[in-house]
1. Going by the structure shown, is V489 touching a Gly at 6+ places or on another chain (Cβ under 6 Å) and in a helix (DSSP H, G or I)?
2. List every residue pair whose Cβ atoms lie under 8 Å apart, where the two residues are 6 or more positions apart in sequence or sit on different chains, the first residue falls within the stretch 581-599 and is on the phi > 0 side of the Ramachandran plot and modelled with pLDDT of 85 or more, and the second residue, located anywhere, is aliphatic (A, V, I, L, M) and in a helix (DSSP H, G or I).
3. Can you tell which of A606, A563, A568, A614 is surrounded by fewer than 17 Cβ atoms within 10 Å (Cβ to Cβ) and part of a helix (DSSP H, G or I)?
4. So which residues in the stretch 311-326 are open to solvent by 60 Å² or more (accessible area, probe 1.4 Å) and on the phi < 0 side of the Ramachandran plot, if there are any at all?
5. Output the number of residues of the stretch 170-195 satisfying the condition of being within 19 Å of W304 (Cβ to Cβ) and either surrounded by fewer than 20 Cβ atoms within 10 Å (Cβ to Cβ) or modelled with pLDDT of 90 or more (or both).
6. For Q286, state whether it is of a type outside the set (S, T, Y) and modelled with pLDDT under 85.
7. Which ones in the stretch 17-62 are within 30 Å of F126 (Cβ to Cβ), open to solvent by less than 30 Å² (accessible area, probe 1.4 Å) and either aliphatic (A, V, I, L, M) or at pLDDT below 80 (or both)?
8. Any residue that is open to solvent by 10 Å² or more (accessible area, probe 1.4 Å), modelled with pLDDT of 75 or more and assigned to a helix (DSSP H, G or I) - is there at least one of those in the stretch 90-100?
Amino acid sequence: MTEVAQAVPVAQGSRLFSRSARELTEYPDTRTRAGYLALTVLVTITLYYLAYCGGSVSTLQLADLHMSFHFLIWTTAIGNFVGAAGSFFAGITDRIGRVQTIIVGFTLASVLTLFALPNSPNRWVFALLALIVGNIEGIVLVATPALVRDFSPQTGRAQAMGFWTLGPVIGSLIVSVVGTWTIHGTPPAHFWGHEYVIAGVTGVVVSVIAAVFLKELAPGLRDQMIVTEADRVLVEARAKGIDVAAALRNPFRQMMKADVIISGFAVSVLLLAYYTAIALGVIIFQVIFGFSLHQANALGNWTWGTNAVTVVVVGVISDKLRVRKPFMVIGAVIAAVAIVLYLSRFGHQASFGTVAFLVSLISFGLGVAYTPWMASFTETVEEHNPALTATGLAVWGLTLRVIVFVMLILAPIVITSVTPIVNFVVRTSPFTATIEWAGTHTAFIAQVENPANLTQIGKLQSLQASNPAQMNAIQANATDLATLATYSVEVSAIAAHPTLFTQLAAKPTDTTLQAQAVAALGGGSVGQQRLLTIASHSNQIVPALTYAKAHPDVVAFALQNSATLTWATQHAALLAQVKQYAPELTQLKAIPPSVLAYANANAASAVKDEKAIAGQMQHWYWLCFAGPIIFLGCVPLLRGRWSPRRAKQDFDAHEALVQAELARLQVQGAAPLGTEA
């Protein structure tokens with residue numbers, strides 16, 4: 001195919017990083033294309049990891065940079081608006097090429113994430129840097145799927161787009177997984193920068209790999225529509241006569257078609273639930289359902305892991321059946337039902353497993369609908385002009401970003417309680433769990449903090465620290481010591497007159513011995529009563545006396561601290577709770593007084609806001625529910641069959657047309673065609 005390759009216009013130069021060195025003049029075979037597609041997907045995944053890495057530490061970020069929730073939402077919203085401009089700009093990659101744009105933007109985003117973002121001195125600098133990264137993401141959002149389209153025939157388009165869709169999905173999954181691995185307990189607020197450094201290092205490594213290995217098709221090859229792998233011979237032959245300039249004239253005017261614009265809008269509103277999960281997922285899991293930051297990231301693993309598997313598997317099945325629309329309908333219906341089930345749990349207790357199942361079901365439905373849509377959309381754009389794939393994707397990217405921008409602006413309006421409740425969570429972080437525990441144990445804490453009880457608890461702790469052996473012995477022989485304390489006069493008299501009481505035990509009816517014992521016990525009626533006490537409780541007093549003789553040091557220690565030990569006996573239930581909740585009490589002491597005062601002053605309103613936000617989030621998710629419904633109405637606009645049988649008939653007709661065109665070109669001598677398909 002040498003003559004065909006020479007016929008394709010190629011810029012001069014052969015340097016590694018020049019555009020000409022990156023342009024392929026022959027359509028690559030399956031293995032080579034798979035390599036380029038894999039590298040494109042890797043770049044996309046890493047870029048979305050960079051863009052979303054803050055999601056795993058959003059509450060820490062707010063606290064450390066002193067950002068309100070409103071400030072974060074506005075920054076994210078404006079970032080999406082700037083990203084829309086980036087999507088618009090990326091349309092010119094139909095003219096200037098895809099790869100150079102991707103590599104330069106991706107490298108810049110990686111460097112910013114590694115060095116600049118985690119070292120932002122304040123929220124304004126962070127916001128500015130985040131806007132730059134958002135603009136780059138908008139460009140790559142268009143350039144990378146355009147590159148995927150270039151390397152994928154229509155018969156394998158859904159699989160290829162399924163792998164490309166792994167970009168945002170696996171990017172989100174990596175954020176959750178890394179967060180789960182690296183975030184434990186209650187990290188300090190400044191810890192958020194740690195996640196950006198990990199993402200930045202990853203980005204720099206992948207950008208170097210892409211700079212060395214990533215390539216793209218020359219304009220004459222990419223500006224044609226390829227249905228099957230066999231079309232590569234015909235494409236190379238036709239490349240000789242392609243008028244690239246004419247195909248690229250008035251690009252956006254050519255793409256302003258109803259099916260392109262409306263379907264781009266429809267899929268954008270379908271993805272409202274997806275972008276809600278990205279922007280508010282961690283906050284919802286923590287505030288609505290009361291999960292920890294670690295658990296919130298673990299739920300993200302379920303969300304994005306399910307979606308990642310779904311988009312690939314559905315892409316393979318869609319290509320095998322050669323249909324897209326049935327999958328779009330099935331996925332949208334599943335997503336709609338799952339959203340309703342999910343929003344019904346707001347305001348109610350839900351286990352980790354229940355929430356994990358529901359968010360996974362939403363992700364599954366979106367994945368079933370989205371991958372076939374991407375394939376069908378690019379095929380629809382190709383029907384209008386295959387040379388303007390990036391422009392068509394730019395129209396969609398612009399629409400998507402504007403929809404997300406509007407969504408983020410509406411979020412604080414619909415969910416009015418989110419700002420005070422998030423501010424409460426941020427202000428009390430990393431003490432949220434302890435403060436919530438204190439709120440449910442107010443009576444116990446009041447008992448512990450009672451001055452009299454606090455004094456005795458302190459004395460007990462001091463005795464345990466300074467005399468552990470005696471305190472352990474007292475605990476182990478509490479019954480005998482309690483008896484000694486209760487019958488201390490009787491025990492003292494027996495200890496002072498051991499012979500008398502031994503004789504009396506042998507002759508209990510001896511009146512002389514009885515009179516002597518009464519006198520030893522204080523005389524009179526008091527002495528008589530004490531003697532009766534000894535007689536009726538001898539089974540307790542005798543063992544206690546035996547213990548006292550064997551352990552005089554323990555008894556002396558107990559008598560010396562009898563007031564404190566007696567208090568301990570009377571408050572055994574309270575002391576058991578103190579032992580049970582020792583870690584929580586220690587953490588409660590560690591909370592700064594100002595934070596504790598703020599929490600106490602605002603706890604009631606926070607509880608009220610938590611109840612209100614559940615209802616408001618339900619309203620928001622009804623908006624998300626409208627997304628799949630609107631999407632269903634726009635499915636018929638896109639290219640493609642509903643029936644696998646009709647799709648196969650189209651495929652067979654296309655194959656016949658290709659063979660006829662190849663025969664015509666061979667007869668006319670248009671190009672020396674190879675025999676390898």
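1. no
2. Between residues of the stretch 581-599 that are on the phi > 0 side of the Ramachandran plot and modelled with pLDDT of 85 or more and residues that are aliphatic (A, V, I, L, M) and in a helix (DSSP H, G or I), there is no close pair.
3. A563
4. V313, V316, I317, K320, L321
5. Total satisfying the criteria: 6.
6. Yes, satisfied.
7. V41, V43, I45, L47, L50, G55, S56, V57, S58, T59, L60, L62, listed by residue number.
8. Just the residues of the stretch 90-100 that are open to solvent by 10 Å² or more (accessible area, probe 1.4 Å), to begin with: 92, 95-96, 100.
Filter again for modelled with pLDDT of 75 or more, leaving 100.
Next cut, assigned to a helix (DSSP H, G or I) only: 100.
Checked the stretch 90-100: at least one residue is open to solvent by 10 Å² or more (accessible area, probe 1.4 Å), modelled with pLDDT of 75 or more and assigned to a helix (DSSP H, G or I).
The values are calculated or read from the model by the stated rules, or taken from the named source; none is laboratory data. Only a predicted model underlies this, so the values are computations on that prediction, with no experimental measurement involved. Neighbour counts are summed over all protein chains in view; Cβ atoms, including those assigned to glycine, are modelled from backbone coordinates with ideal geometry. Remember, those area values only see protein heavy atoms, side chains included, never the ligands or the DNA or RNA. Shrake-Rupley method; radii C 1.70, N 1.55, O 1.52, S 1.80 Å.
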